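Please treat every number below as a calculation from the coordinates, not as lab data. A quick note: this is a predicted structure, and the numbers were derived from the prediction, not measured. Don't worry about glycine lacking a Cβ; one is built from the backbone with ideal geometry, like all the others, and counts go over all protein chains shown.
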Amino acid sequence: MSAVSDLRPDAQAVLLLVLLYTLQGVPMGLGAAVSFMLQERGADYSQQAIFSLVSWPFSLKLLWAPVVDTVCLPAAGLRRSWIVPLQTIIGIAMFATADYSQNLLHGGVEQAVKPMTALYFVMHFLCATQDVAVDGWALTLLSAKNVGYAGTINAVGQTIGYFAAFTGFLALEQAKLMSLGSFMLLCGALFLVSAAWVAVSPESRQVADKEDPEAARKRAAAAAAAPLAALASSYKEMLSIARLPPVRTLALFLILNRIGFAATDSLTALEMMKRGVSKTTLATISACITPISIVMPVVVGPWTARSPWRAWRWAYIPRMIMSLAAVFLIYALPARDADDHEPTHLTLTYYVAVMILLGLFSALSTVQFVAQMSFFSTVSSDAEIGGTYMTMLNTMSNLGSKWTTSAALYLAGSDVVRRLAVPQPPSWMSAPLDPFYTVNWACFVLGIVAMPVIFSIARRIESTPMPMWQVKGASDKE
């Protein structure tokens, strides 16, 4: 109750940020739905590895983030100068490519994978660019006492958008109420309506009045007078942040911390589809556990805001156990039959076990995500360079997630791992050594071996005094 009371003065800002983060989650969820549709049409892990590249713009946005943090139309404000045009472009792009996307899926997997990867890569690029603006905006829209809740708002908004575009679309598509093309038209309309609302509504303008503190206004004026010099200064600030010893330590942590979960994150649902479980069944399971992803950030938000690294460490070992349990659940699932039907002998108990396992895994993943975002918001809360700082930390986090996911998919589909496969294992093997098991066991072992190192780095980050995270002299710049 106290958390809700604390956020009440920032209610309008919170609602605006939830809307923007929700829309960012839509292309992510739609990309996941397309991945399922490709799998249903016979895509292998190598092709899924190619399609997984669509989310890489979130790991590369640091390259153009200083442009977003510097260039603006003074009348519109630093953040709205980007958010409104980007949402408009995304909406138009969805309208323009709706029929094309639908036709690609009808043309077969081989013909669809690379064009769909290119299309959704562009969509994610536009959303990643908006993410830079929204993350920076959150640091100035929220009051100082509530800036630690930025991670909670991010998690809630993106989860809602992901759920609507993934589970919602798959349910509508299965019921033959919508195709991919018609759903993209609907999403495009939502982006255009949102862009118009953010641009002209009195409520949005009232919230935006808090956007730029005095230091940021001076910065915007300097950017308008000498844009190239201001842009060079932004990249210099980014390099100054990257040189901070605590940031380099954090980068190492973010590169290593997801190795143990990589295979479970990227392969479990695809392996279930490969063994005959329909995408509708998986969408139903996702619908059942999505409320956990929405409620958990609110529940753990106060805890992660106070002790983010304690919360993160608390969730690590249980999440590793859930990753191991996922392997045994897949082992209990037989391969699809000769008629390509979903296994019929699976009981309700099995599906309940799957929902419990995935629900726990989602809850633990959410705890770690919100903890990281709370810490990022705290150390990057400087109003002048906070946007660049937040973008750098988020980019490093996304990179740590995406390289492990893409690597797991690539290895599961690679010839090297296939050669290790044993279709008919000897009696001493308790499970077939096929690519799914090989990659999962490898990730689990690496996660256990790396755990002391990861925990040691996390404690070092936790014990670093807050002034060590600051760029000296940043607040004195004009």
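Quick one: which of 452-462, 435-445 comes out on top by average Cβ neighbours within 10 Å, and what's the full order, highest first?
Working: 452-462: 15.5, 435-445: 20.8.
Highest to lowest by the protection proxy: 435-445, 452-462.
Could you estimate the translational diffusion coefficient of region 61-157 from the Stokes-Einstein equation, with Rh from the Kirkwood formula over C-alpha pairs, at 25 °C and 0.890 mPa s, in whole µm²/s?
Working: Rh = 15.5 Å.
Value of D from the Cα-based Kirkwood radius: 159 µm²/s.
Work out the FRET efficiency for VAL67 and ALA353 from their Cβ-Cβ distance, taking R0 = 35 Å, and round it to the nearest 0.05.
Working: r = 48 Å, r/R0 = 1.38.
Efficiency, rounded to the nearest 0.05: 0.10.
Could you pull out which residues in region 98-117 have an amide N less than 11 Å from a spot 7 Å beyond the Cα of LEU185, following the Cα-Cβ vector?
Once the point is set 7 Å along Cα→Cβ of LEU185, 98-99 turn out to lie under 11 Å by backbone N, inside region 98-117.
In whole angstrom, how far apart do the alpha carbon centroids of region 64-92 and region 153-181 sit?
Each part reduced to its Cα centre gives a spacing of 26 Å.
Using the Cβ atoms and a cut-off under 13 Å, what net charge is assigned to the surroundings of PHE455, where Lys and Arg are +1 and Asp and Glu are -1? Walk me through the numbers before you get to the answer.
Details: positive: ARG310, ARG313, ARG459, ARG460; negative: GLU462.
Value of the local net charge: +3.
Could you go through region 119-128 in sequence order and give the Karplus-derived ³J(HN,Hα) for each residue, using 6.51 cos²θ - 1.76 cosθ + 1.60 with θ = phi - 60°, rounded to whole Hz, and x for Gly and Pro?
Couplings: 4, 6, 4, 5, 4, 5, 4, 5, 5, 5 Hz.
If I stretch the segment between TYR331 and GLU40 completely, what's the gain in nm (0.36 nm per residue apart, minus their alpha carbon distance), one decimal? The partial results should precede the final answer.
Values: separation 291, 0.36 × 291 = 104.76 nm, distance 2.02 nm.
The span from TYR331 to GLU40 would gain 102.7 nm if fully extended.
At what distance in nm do the modelled label points of ILE294 and GLU462 sit from each other, each positioned 7 Å from its Cα along Cα→Cβ?
3.2
By count of other Cβ within 10 Å, fewest leading, how are CYS288, CYS127, CYS72 ordered? Intermediate results must be reported in sequence, preceding the final value.
Values: CYS288 17, CYS127 27, CYS72 21.
By the 10 Å Cβ count, ascending: CYS288, CYS72, CYS127.
Under the 0.36 nm per residue contour assumption, what length would be gained going from the current alpha-carbon distance of ARG310 and ALA450 to full extension? Mind showing how you got there, number by number?
Details: separation 140, 0.36 × 140 = 50.40 nm, distance 1.79 nm.
Extra length from ARG310 to ALA450 when fully extended: 48.6 nm.
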